[in-house]
Every structure is written in C-alpha cells, then in structure tokens.
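Student: The structure's right below; bear with me while I get my questions together.
The values are calculated or read from the model by the stated rules, or taken from the named source; none is laboratory data. Remember, predicted model here, so these are calculated numbers, not experimental data. Using ideal geometry, Cβ is built from the backbone for each residue, glycine included, and neighbour counts are taken over all protein chains shown. Heads up: the accessible areas ignore ligands, DNA and RNA and are worked out on the full protein's heavy atoms, side chains in. Shrake-Rupley method; radii C 1.70, N 1.55, O 1.52, S 1.80 Å.
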Amino acid sequence: MNLLIYKTQPELLEDLAEYIIKIANKAIDEQDCFNFVLTGGNSPKALYEMLATTYKDKIDWTKVYFFFGDERNVMPSHESYNGLMAKKAILDPLNIAEDHIFYIDTTLAPEKAAIEYTKAITKHFGGADLVFDLILLGMGDDAHTASLFPGTTILNNKNVELDSVFVEKLSTWRISFTAPLINKAKNVAFLVFGESKAQAVKQVIESPKKNTQLYPAQLINPIDGGVTWFLDDAAASLLDN
C-alpha cells in the first residue's frame, strides 16, 4: 500500500492526474489499450475536467476504454447517474467514441443490469481474466467504496462480477463491482477528501483487526496489483503515522 497525503486538493489532483497518465501510457505501450474504471460522486469531477483539458494531450485517448465501478439505480438522464457526470466532465470533452464507453444500463432491473454489464466486460476482455489497468475508488464517511456498503449482501459475494445490492440506509438499489473483481486490478487508487472521512480512513488503514462488514473498504487488497491512497490533510488527520 502506498499512502500519499497532500496539503491542498489541487496538489493532490495534479499528482493523481500524473499517476493516471503514467499507468495509461504504460498500458498502451504494452497492450495497445488502457482499461480505466471511473468512480462516481463529487470528488473526481475536478480530476476528470483536468484530464480533459490540462492533460488532454498526455494520453492517446483513442486507446482508452472507460468503465464504471458502480452505478446508482436511476435513469441515465438523472443528475445522480455516475455516467452522466463523467460524460459531461471527461467523455464528451475528449470526444470519446461510444464503443469505448461501458455505461451501466439502468433502464434494466438492477439484477439484470449487473448481469448484462458482467457479460459486456467479459466480452471486452475476450475470455481473458477481468484485469483492469486502473480502478479509481472513492470512500464514504461510513467506509463504503464503490457500492460496497456496510452490512450489505454484496460484501459476501466471492464472484468476479458485478452484483446488484439494496442499500437499506439509502432505501435504494445500486449496481457495483464486487470486491473480488476490484481485487483483480493491476492498480487501484483511492481518492479521499475532507475531515468527515478521517475516522473511516483511520479504521480502514490502521485498524489492527479487520471488520469488513463495518468497514468495507478493508476488502480492497489486489491479488497482483497495488493500492495507492491519495488523501488530503483533513482526511488523513487522525492517522498515527
């Protein structure tokens, strides 16, 4: 695990952008494509906008395939749909081809959407292992990541797939990568801002005993890949080291 702490969000985002560029170019050099899993929510929006403007010439975007680690059970036109935020912030500005974007189809029932997305990524990888080059993740103040929420059924799913999950505290369904699918990635990066996340960060990173039902982000431990945490000072404020 690599732990990086920054005084300001702009510094963090610049470093994270450079980290993404390095991984992207290595993947493109080695396999002629970069399989990139985006995270939703508010935290990554500025990062996506930077990649689409300041850093747009640093990657051959025609070789990048975009995926989503989880999705809210809302229509694709809804403001809470993760795919819509990404579409506006990075995909449309970079003129990414539609066949390079793997949206989660929320016009389907959640269980069906998860099955169809698993089929789509399996087809994309041509029968090979579902190993993404980079998965971006956020984390909530309850230590959820993707849509792996505390106490939910998806935490017990051992399959390399997407799954649907009912999140009781939000009274809604989500569609999400399972932890085993995330853990096959070559690289995983957590992007976490703010004092409200500090307790969760401390528990996930420093707790001597794992309690993945309470702190689901503890499930993320790639088999053959690496994890890098990009934290601002506020999110890291309770860490001992």
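Student: Looking at segment 2-13, I want the residues that are part of a helix (DSSP H, G or I) and have a partner that is of a type in the set (D, E, K, R) and open to solvent by less than 70 Å² (accessible area, probe 1.4 Å) with Cβ atoms under 9 Å, at least 6 apart or on another chain. Which pairs are those?
Tutor: Gln9/Asp232; Glu11/Asp232; Leu12/Asp232
Student: Of the residues Ile28, Ile59, Ile20, which is assigned to a helix (DSSP H, G or I) and farther than 30 Å from Glu195 by Cα?
Tutor: Values: Ile59 fails: assigned to a helix (DSSP H, G or I); Ile20 fails: farther than 30 Å from Glu195 by Cα.
Among Ile28, Ile59, Ile20, only Ile28 is assigned to a helix (DSSP H, G or I) and farther than 30 Å from Glu195 by Cα.
Student: Now a separate question. Scanning segment 103-115 for residues that are surrounded by 18 or more Cβ atoms within 10 Å (Cβ to Cβ) and not β-branched (Val, Ile, Thr), which turns out nearest to Trp173 (Cα to Cα)? Reasoning before the result, please.
Tutor: Step one: list which residues in segment 103-115 are surrounded by 18 or more Cβ atoms within 10 Å (Cβ to Cβ), which gives 103-104, 106, 110, 113-114.
If we keep only those that are not β-branched (Val, Ile, Thr) as well, we get 103, 110, 113-114.
Values: Tyr103: 17, Pro110: 7, Ala113: 11, Ala114: 11 Å.
This residue is Pro110.
Student: Right, another one. Under 9 Å between Cβ atoms, which residue pairs at least 6 apart in sequence (or on different chains) link something in segment 34-52 that is over 17 Å from Asp70 (Cβ atoms) and of a type in the set (D, E, K, R) with a partner that is open to solvent by 30 Å² or more (accessible area, probe 1.4 Å) and not in a helix (DSSP H, G or I)?
Tutor: Glu49/Pro93
Rundown of residues vs (1) open to solvent by 10 Å² or more (accessible area, probe 1.4 Å); (2) more than 17 Å from Leu3 (Cα to Cα), yes/no style:
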position	(1), (2)
His144	yes, yes
Lys158	yes, yes
Ala185	no, yes
Phe193	yes, no
Ala198	no, no
Asn211	yes, yes
Tyr215	yes, yes
Ile223	yes, yes
Gly226	yes, no
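Student: Could you check segment 194-209 and list, in sequence order, the residues that are in contact with a helix residue (DSSP H, G or I) (Cβ under 8 Å, 6 or more places away or on another chain) and either within 30 Å of Cys33 (Cβ to Cβ) or modelled with pLDDT under 95 (or both)?
Tutor: Ser207
Student: Among the residues in segment 172-182, are any open to solvent by 30 Å² or more (accessible area, probe 1.4 Å), under 19 Å from Glu111 (Cα atoms) and more than 15 Å from the chain's Cα centre (by Cα)?
Tutor: yes
Student: If I ask for residues that are open to solvent by 50 Å² or more (accessible area, probe 1.4 Å), over 15 Å from Asp133 (Cβ atoms) and at pLDDT 95 or above, which ones from segment 37-74 would you list?
Tutor: Scanning segment 37-74 gives Lys45, Glu49, Thr53, Thr54, Lys56, Asp57, Lys58, Thr62, Arg72, Asn73.
Student: While we're looking at this one, here's another question. Looking at segment 93-110, I want the residues that are under 15 Å from Thr122 (Cα atoms) and in contact (Cβ under 8 Å) with a residue 40 or more places away in the chain and have a partner that is part of a strand (DSSP E or B) and open to solvent by less than 50 Å² (accessible area, probe 1.4 Å) with Cβ atoms under 7 Å, at least 6 apart or on another chain. Which pairs are those?
Tutor: Ile104/Phe68; Ile104/Glu71; Ile104/Ile175
Student: Between a first residue in segment 112-132 that is in contact (Cβ under 8 Å) with a residue 60 or more places away in the chain and assigned to a helix (DSSP H, G or I) and a second residue that is of a type outside the set (Ser, Thr, Tyr) and open to solvent by less than 30 Å² (accessible area, probe 1.4 Å), which pairs have beta carbons less than 6 Å apart while being 6 or more apart in sequence or on different chains?
Tutor: Ala113/Ile104; Ala113/Ile175; Ala114/Leu162; Ala114/Ile175
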